[in-house]
Amino acid sequence: MTILNDYNKKLNLSAGSMLITVCVFLLISCGSNQGDDLDQFMSTAANDMQPKIDPIPEVKPYTATEFNADGQLNDPFKARKAKNSSTGGIQPNLVRPKEPLEAYPLESLKYVGLLAKQKLTYALIKTPDGNIQQVKIGNYLGQNFGIVTEISDNAVMIKEIVQDDLTGDWTDRTSSINLQE
C-alpha cells in the first residue's frame with residue numbers, strides 16, 4: 001500500500017506541475033501586446049499608402065468644321081446630276097427600247113459559243129440565271145449602253161458609253177467578253 005501512496009503522491013505532483021506549466025504558458029501568450037510587431041505593422045501600414053490617381057484630362061470643346069467651305073469639292077454623300085452636254089458629243093440613245101441583256105452587268109455575262117447562219121455570225125451569251133441568248137453585231141448588252149462591234153472565235157468586242165465622274169461628259173470605252181471553256 002505504501003507503494004501506491006507513493007505513486008499517488010508522485011502523480012499528483014506531476015499533474016500539479018503540469019497544470020502550473022500550462023497556466024504560465026497561457027498567461028504569457030495572453031499577455032500584453034506592446035511588443036507584438038504584427039499588430040504594430042497593421043496599425044501603421046495604411047498611413048504610408050496614398051492612392052496615386054492622375055488628374056482628369058481637360059476636355060477640349062468640339063469645333064465643327066464645315067465640309068467644302070470653299071466650294072471646290074463635290075459632296076460625296078449627294079448624288080451628282082448628269083450634265084447635259086449641248087456640244088453634241090457622244091451620248092447614249094435613252095429613248096430606244098432596252099434589250100434583255102442590258103439588265104445584267106457586263107461582268108456577269110459569259111461568252112460560251114459562236115453560231116454562224118448564212119452571212120450572219122451570232123455569239124451565244126450565258127446570263128447569270130443560266131439562260132443562253134444570241135447576239136449579233138449591233139445588239140446591246142451590259143448596263144453601260146454597250147453595243148456589240150465585233151464577234152470572233154475568242155471574244156465579243158463591245159463599245160460602251162459611260163459618263164465621266166468629274167466632268168459629266170459621255171465617253172466611249174472598249175470592253176470584251178472572252179470565250180469561256
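Where a number appears in this text, it was derived from the coordinates with a stated rule and is not lab data. Nothing here was measured: the structure is a model prediction, and the numbers come from that model. Heads up, the Cβs are rebuilt from the backbone with ideal geometry, glycines too, and the neighbour counts pull from every protein chain shown.
Using beta carbons and a limit of 8 Å, which pairs, at least six apart or on different chains, have the first residue in the range 109-121 and without any contact (Cβ under 8 Å) to a residue 12 or more places away in the chain and loosely packed, with under 15 Cβ neighbours inside 10 Å and the second one among the aromatic types (F, W, Y) and part of a strand (DSSP E or B)?
That search, which allows pairs on different chains as well, returns A116/Y122.
Please determine, by comparing only the residues of the range 130-154 that are among the aliphatic types (A, V, I, L, M) and free of Cβ contacts under 8 Å to residues at least 24 places away in the same chain, which one is farthest from N74 (Cα to Cα).
At the first step, the residues of the range 130-154 found to be among the aliphatic types (A, V, I, L, M) are 132, 135, 137, 141, 147-148, 151.
If we keep only those that are free of Cβ contacts under 8 Å to residues at least 24 places away in the same chain too, we end up with 132, 137, 147.
Numbers: I132: 42, I137: 39, I147: 31 Å.
Only one residue fits best here, namely I132.
Report, by residue number, each residue of the range 138-156 that is in contact with a strand residue (DSSP E or B) (Cβ under 7 Å, 6 or more places away or on another chain) and surrounded by fewer than 16 Cβ atoms within 10 Å (Cβ to Cβ). Let's see the steps before the verdict.
In the first step, residues of the range 138-156 are kept if they are in contact with a strand residue (DSSP E or B) (Cβ under 7 Å, 6 or more places away or on another chain); the result is 138-142, 144-151, 153-156.
Matches in the range 138-156: G138, T149, E150, D153, N154, A155.
Take the residues in the range 38-82 that are assigned to a helix (DSSP H, G or I) and exposed (fewer than 10 other Cβ atoms within 10 Å of the Cβ), then tell me which one is farthest from the chain's Cα centre (by Cα). Don't jump to the end; show me each part of the working.
The initial filter retains those residues of the range 38-82 that are assigned to a helix (DSSP H, G or I), namely 38-48.
Next, from what is left, pick out any that are exposed (fewer than 10 other Cβ atoms within 10 Å of the Cβ): 38, 41, 43-48.
Values: L38: 56, F41: 54, S43: 54, T44: 53, A45: 50, A46: 48, N47: 50, D48: 48 Å.
It comes out as L38.
Considering the range 132-181 alone, what residues qualify as being within 19 Å of P97 (Cβ to Cβ) and outside any strand (DSSP E or B)?
Scanning the range 132-181 gives K136, I137, G138, N139, G142, Q143, N144, F145.
Only one of (1) in contact with a Leu (Cβ under 7 Å, 6 or more places away or on another chain); (2) more than 30 Å from P76 (Cβ to Cβ) is not met by M157, so which one is it?
With (1) in contact with a Leu (Cβ under 7 Å, 6 or more places away or on another chain); (2) more than 30 Å from P76 (Cβ to Cβ) applied to M157, the lone miss is (1).
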